[in-house]
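**Q** Next up is a structure, given as structure tokens.
The values are calculated or read from the model by the stated rules, or taken from the named source; none is laboratory data. Because the structure is predicted, anything quoted here is derived from the model rather than measured. Cβ placement follows ideal geometry from the backbone for every residue including glycine, while neighbour counts extend to all protein chains displayed.
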Amino acid sequence: MELIRKSFWDSKFSKIQSLSIIVAIVILAIVPSFTNSYAPLFLAWVLAYCVMSLAWTFFSGKTGYISLASAAFYGLGMYLQAVLGWNMPLPVMMILAAAASFGAAFGIGVITLRLRGVYFTIFTFGLALFLNSFIHWYEVKYTHTKGRMVLAYDNEIVFYAILVVFAILFVVVILLNKSRFGLALDCIGQNEDSAQHVGVNTVMMKVLAFAISAAPVGAVGAVMSTTIGYVDPDIAFKMLISFMPVLMATFGGMYNIYGPVIGAVVFYSLQDYLLRKTDMYMIIFGVVMGVVILTMPRGIFGLVEKAMARRRRNFDGEVIGDA
């Protein structure tokens, strides 16, 4: 009887979550049409960080391998847009950037994901720095410039492009989490040696997950580069892009698909507000993150789940008492 009640509650809660996301996407699709000109750009950045946080959580949250390569794939998408975007439509460039990031991550994963522990994290941290230095050297030596101009698009076009990326990624992550592939990643995160013993090709699973998580980040880089009109290595491969998804996922809670989204929305909204009010926003960020890590180890969504679990226990107690 207890299992039946629990299954009913979980199913109901899951339906509420899914319905909430659908309603949010519909609202986001119509909001820019009746708000001021800044709203589409603000929402585009919110969704961009939602995509990067969710993509990071899909790989690092499930496998336990901490990646700091977001800036590398984001910058790769930016430079592809800067070089090829003048002659190709934005949807094509998004696909090319996603494919290039997928291919690059797959190749890097084959080399590095045989390693365990901190070595992978160190390599991914250095990847963005390497690409920054390499492209800077190439531009100065062969094109005699430091950066490139990027074809600009209307803010609403940028918003809808990012919304499409977010919707696709959200559906893909849900489907993969419910598949044998998602189960294999969970096994790797819990105990990689045990996963190998039961026949999971752990290296290939990790490589595929890493490549899948890189693809939407590259697409986001291609789209968001059109909002600034100019790209150079320092802008494209800014290390803050690697750390922000990690902080946002931690802030929202990386143990649920909705946590990174909530963290990105709250975190970026707070950042945007503080940037317009004070030049000490990074210090305030640090304080907020310290408080969150100490008081909410499972993030905002962890608190929600804890409250729902307490309510469920109360519900079960009432049912048993009435019986």
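**Q** Write out, first by first residue and then by second, each pair whose Cβ atoms fall under 7 Å of each other, whose residues are 6+ apart or on separate chains, and whose first residue, in the range 286-298, is closer than 17 Å to residue 258 by Cβ while the second is hydrophobic (A, V, I, L, M, F, W, C) and modelled with pLDDT under 70.
**A** 296/303
**Q** Can you tell me which of 243, 267 is in a helix (DSSP H, G or I), surrounded by fewer than 23 Cβ atoms within 10 Å (Cβ to Cβ) and modelled with pLDDT under 90? Write out each step before concluding.
**A** Details: 267 fails: surrounded by fewer than 23 Cβ atoms within 10 Å (Cβ to Cβ).
From the options 243, 267, the qualifying one is 243.
**Q** Do we find a residue being closer than 24 Å to residue 75 by Cβ, among the basic types (Lys, Arg) and either in contact (Cβ under 8 Å) with a residue 24 or more places away in the chain or not in a helix (DSSP H, G or I) (or both) anywhere in the range 165-179?
**A** Looking through the range 165-179, none of the residues is closer than 24 Å to residue 75 by Cβ, among the basic types (Lys, Arg) and either in contact (Cβ under 8 Å) with a residue 24 or more places away in the chain or not in a helix (DSSP H, G or I) (or both).
**Q** Is one or more of the residues making up the range 140-152 assigned to a helix (DSSP H, G or I) and either crowded, with 18+ Cβ neighbours inside 10 Å or at pLDDT 90 or above (or both)? Walk me through it before giving the result.
**A** The initial filter retains those residues of the range 140-152 that are assigned to a helix (DSSP H, G or I), namely 140-143.
Now narrow it down to the ones that are either crowded, with 18+ Cβ neighbours inside 10 Å or at pLDDT 90 or above (or both): none.
No.
**Q** Out of curiosity, is residue 135 of a type in the set (A, V, I, L, M), farther than 26 Å from residue 42 by Cβ and either in a helix (DSSP H, G or I) or within 16 Å of the chain's Cα centre (by Cα) (or both)?
**A** On the way: of a type in the set (A, V, I, L, M): yes; farther than 26 Å from residue 42 by Cβ: yes; either in a helix (DSSP H, G or I) or within 16 Å of the chain's Cα centre (by Cα) (or both): yes.
Judged against the criteria, residue 135 is a match.
**Q** What are the pairs with Cβ atoms under 8 angstrom where one residue, in the range 197-224, is in contact (Cβ under 8 Å) with a residue 40 or more places away in the chain and over 25 Å from residue 79 (Cβ atoms) and the other, located anywhere, is basic (Lys, Arg) and not in a helix (DSSP H, G or I)? Sequence gap at least six, or different chains.
**A** Every condition considered, the pairs that remain are 203/114.
**Q** Find the helices (runs of 4 or more DSSP H) located wholly in the range 1-120 whose residues include 2 or more that are over 19 Å from the mean Cα position of the chain (by Cα) and either farther than 29 Å from residue 234 by Cβ or at pLDDT below 65 (or both), and list them. Outline the logic, then answer.
**A** Working: elements: 2-30, 38-56, 70-84, 90-112.
Filter on the range 1-120 gives 2-30.
**Q** Conditions first: (1) in a helix (DSSP H, G or I); (2) within 26 Å of residue 75 (Cα to Cα). Residue 292 passes all but one, so which condition is the exception?
**A** All conditions pass for residue 292, except number (2).
**Q** Cβ contacts < 7 Å: first residue in contact (Cβ under 8 Å) with a residue 40 or more places away in the chain, restricted to the range 136-157; second residue of a type in the set (Asp, Glu), any location; separation 6+ or different chain. Result?
**A** So the pair list comes out as 146/139; 146/232; 147/232.
**Q** Being assigned to a helix (DSSP H, G or I) and either small (Gly, Ala, Ser) or more than 19 Å from residue 265 (Cβ to Cβ) (or both) is the filter here, so list the residues in the range 153-164 that pass it.
**A** Step one: filter the range 153-164 for residues assigned to a helix (DSSP H, G or I), giving 155-164.
The answer is 156, 157, 161.
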